[in-house]
Amino acid sequence: MTDTSTTAESEQPHASEARLPFEFHGKAGEYFGIWIVNLLLTIATLGVYSAWAKVRTNRYFYGSTRLDGDAFHYAAKPMQILIARLIVFAVLVAFNVLAQYVPEAGVALLIVFFFLFPWLISRALRFQSRVTRWRNVGFDFRTDYWPTFVIMYLAPILSVVTLGLGIPVVTKWTQEWAYKRFSFGDRGFDVQVPLGKLYGLFGGVFVVGVLLYVGALALIVGPIIASSQAGLEGDTLPASVIAAIIPAYFMMLAAALLIYVYRAGVRNIVFRELVLDGNHRFDSTVSKRKYAWIIFSNLIAVAVSLGFLIPWARIRLSRFLAENTFVIPGGPLDQFVESVKETQGVIGEEYVDMEGIDIGIGL
Amino acid sequence: MASASDITPVAGKFYRAGSGTPVPARLTVERKLVRIAEAGGGPVLAEEARGDVAISARLGSVPRRVEMIGSWTFETDDNDGIDRAFGGFGRGALSALEGSLPAILVAVVFVVVSLIGITVFGLPAATQAAVDRTPQEAERAIAAGSMRSLDATLFRETEADESRREALQEAFAELVSAYENQPWAREDVVFRLDFRHAPAIGPNALALPGGQVVVTDDLLDVLEEDEMVAAVLAHEIAHVHHRHGLYALYRSAGVGALILFLGGDLSALAEDAVVQGAVLSNLSVSRRSEREADRTGAQLAAAAGLDPMALLEALEALTGADADEKSSWLSSHPGLKDRAKAIREATAER
Ligand SMILES: [Zn+2]
């Protein structure tokens, strides 16, 4: 067992209990080799290898993440991913060809996709969960159609019609929807996200965001108004406007980074309420400022290095998140895992994998 | 390579299928037999023929798994131990490549060179090859489909004067026959001119793949002289001849496929950079197509007994600009000055 010190540190929530930290052992140098060989073989095989590349990448990141001394395991088979990708590719090509020749059939197919999508998403989440394993036990995700449909289509509408003020409600629905369906073996996760805390977080982010936008606009618009009042004319922008563009641009960028600040805050709130099998709890201590800084500096590093720092940036982010995530066992972990039953037989032979969909191990 | 008779045991954890309880264990491989025994001289937990167990490929320093599918799993951090016990089997060439500095340097050079090669040479060549192999019938079907969806969305019935439309149809027919008399003309194109009211796209003329040309009412309003419209029609016929519509269609599909293929290993940001690059290069391809259509169109106009410079007057009337405008990186059409020069050169060539 790793750090299980029980020394009481007052004030902090959960501080008096044993907190098991997630550890990340991935190294940028080691991952760079894996990454560049993946790219090389993907190009050399005209994309076919990308399925093997995905498995190797995920095996590396999962295998480098440990809890209580044991690593996670990504159990998907490259062939599953290749077939899933070929299906998506074939459907996309067929759809595009059809839409070119018979636009009406293209529209009809879009409607079919619209109703098929929630099913696909929940299947993909189940696949993603089932291939995630720890101590020889797989995670699982319970699929159902209409709740997924509501989360996918109706929740975003709610956040739009409320001019964004409904975002915390949507966040609560989405997080609870996902975690209530997620399980470790046959033991379910549960979470009741406190809406008040989400609104507190959202309010802060919202105010800062509005201030940044207004500030940026004022920086740009002010000089324009001033120069037009002075009766200046001509095609070129006055120097004062040009001088204001760069700080205004950075203020816009800062406003965009607020999305990450919000996400980090949501993660902390949700993890503190998350419960596994009724008594194991979690904690997340992601500092919002630090998280935004890592996202921003990663962006700059990747851009300046023409992409070659992508491996370093990914490792850095994964380490930061793992080190700020904890499990607070409600009892002996070994006894708990011993009692967990697998929900799946041999790893699901499914072909539903989607890029960018990941609840994985919540890291 | 270590001999298979090396029987230093590998320490790890043993799991029975469906059980999350690790049993500390030692693995040995002896005479093609894999044996796993409880640590500290305990009982034998499993014994299988070496050929029957699955050994996960080595990957950096992540734990290794020896597995009897559906029965048990042995997990260990001792990657070297596993390689020794199984005589290097399962170490795999990949892991060796990923960990070797010269191989990584070669990979970096290969990746950079081939990404540049694919975008600069591979993609245009593949696009042109696909265009050249597309039958005329397919092109016409695409045009019919696009025309139907445009009619359902952006297009309305034309409100232009009927006698003027008839005169323009005649001019179009003359241009088409001038085109068909050219030695380099493509034989299987069926040209067709239609007029539409389309306020959304303003004064414009379109060449859909396969010979379908569309002129908007707004264009007829701006260009009062039929000779100017005819010059625009010649330019559109040239687009049809060079199959520019199909080229643009295939090119964007190719760029999409390229991004999809590499997608797994690019970050979202790098993907953005690739997309932005693709947009810029699409614009440069578009400018090249316009220049090509200007040149061929001017030749056609001259062959039909029209003034090739009428296109320039038409463009001036359409953009409201004078011929001093230069082309830039961010425009889909070349500047008028460049186009004027190209048209003069094209007509002088004859
Ligand atoms: Zn054109």
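The values are calculated or read from the model by the stated rules, or taken from the named source; none is laboratory data. None of these values were measured; they are calculated from a predicted model. Note: ideal-geometry Cβ built from the backbone for every residue, glycine included; neighbour counts use all protein chains shown. We work out accessible area using only protein heavy atoms, side chains counted, and drop any ligands, DNA or RNA first. Shrake-Rupley method; radii C 1.70, N 1.55, O 1.52, S 1.80 Å.
Among B:Ser100, B:Ser146, B:Ser289, which one shows the biggest mean-square fluctuation in a GNM of chain B, springs joining Cα atoms closer than 10 Å? Among B:Ser100, B:Ser146, B:Ser289, the largest GNM mean-square fluctuation belongs to B:Ser100.
The calculated FRET efficiency for B:Glu170 paired with B:Glu345, based on their beta-carbon distance and R0 = 22 Å, is about 0.15. The long axis of helix B:162-180 is offset from the longest Cα principal axis of chain B by roughly 60 degrees. Just the protein heavy atoms count here, and of the accessible area of chain B at 1.4 Å, carbon and sulfur take up 56 percent.
For B:Trp72, the residues whose modelled amide H falls within less than 5 Å of its own, excluding neighbours fewer than 5 places apart on the same chain, are B:Ala17. The local environment of A:Ala71, defined by Cβ-Cβ distances under 13 Å, has a net charge of +2 under the rule Lys, Arg +1 and Asp, Glu -1.
At what distance in angstrom do the alpha carbon centres of the range A:286-319 and the range B:160-220 lie from each other? Each part reduced to its Cα centre gives a spacing of 54 Å.
Amide hydrogen proximity for A:Phe282: with H placed 1.01 Å from N in the peptide plane, the residues at 5 or more positions away or on another chain lying under 5 Å are A:Leu274, A:Ile328. What the phi angles of the range B:182-193 give under the Karplus curve with 6.51, -1.76 and 1.60, with θ = phi - 60°, is a coupling list of 5, x, 8, 5, 7, 8, 9, 7, 10, 7, 7, 10 Hz, glycine and proline written as x. Here the Karplus relation 6.51 cos²θ - 1.76 cosθ + 1.60, evaluated at θ = phi - 60°, turns the backbone of the range B:141-157 into coupling constants of 5, 4, 4, 4, x, 4, 4, 5, 6, 5, 4, 7, 10, 8, 8, 10, 4 Hz, with x for every Gly and Pro. The modelled label-to-label distance for the pair B:Ala253/A:Ile87, using points 7 Å beyond Cα in the direction of Cβ, is 2.3 nm.
What does the charge count around B:Ala248 come to, taking other residues whose C-beta lies under 14 Å from its C-beta (Lys +1, Arg +1, Asp -1, Glu -1)? In short, +1.
Please return the longest range in chain B lying between exposed loop sites, taking chymotrypsin sites (Phe, Trp or Tyr not before Pro), DSSP loop only, at most 12 other beta-carbon atoms within 10 Å, and leaving the sites out. Formally, the longest exposed-site-free interval is B:1-183. Compared with the alpha-carbon gap, the fully stretched path from A:Leu163 to A:Asp334 is longer by 56.8 nm at 0.36 nm per residue.
Modelled label positions at B:Arg16 and B:Phe110, each set 7 Å beyond Cα in the direction of Cβ, lie 4.6 nm from each other. Cα axis of helix B:268-303 to longest principal axis of chain B: angle in degrees, 0 to 90, nearest 10? For B:268-303 against chain B, the angle is about 30 degrees. Around B:Val215, with a cut-off of 12 angstrom between Cβ atoms, what is the net charge of the other residues, counting Lys and Arg +1 and Asp and Glu -1? Local charge sum for B:Val215: -2.
The trypsin sites (Lys or Arg not before Pro) of the range B:28-116 that DSSP puts in a loop, and whose beta carbon has at most 10 other beta carbons within 10 Å, are B:Arg31, B:Lys32. Computed from Cα positions, the angle between helix B:123-132 and the longest principal axis of chain B comes to roughly 60 degrees.
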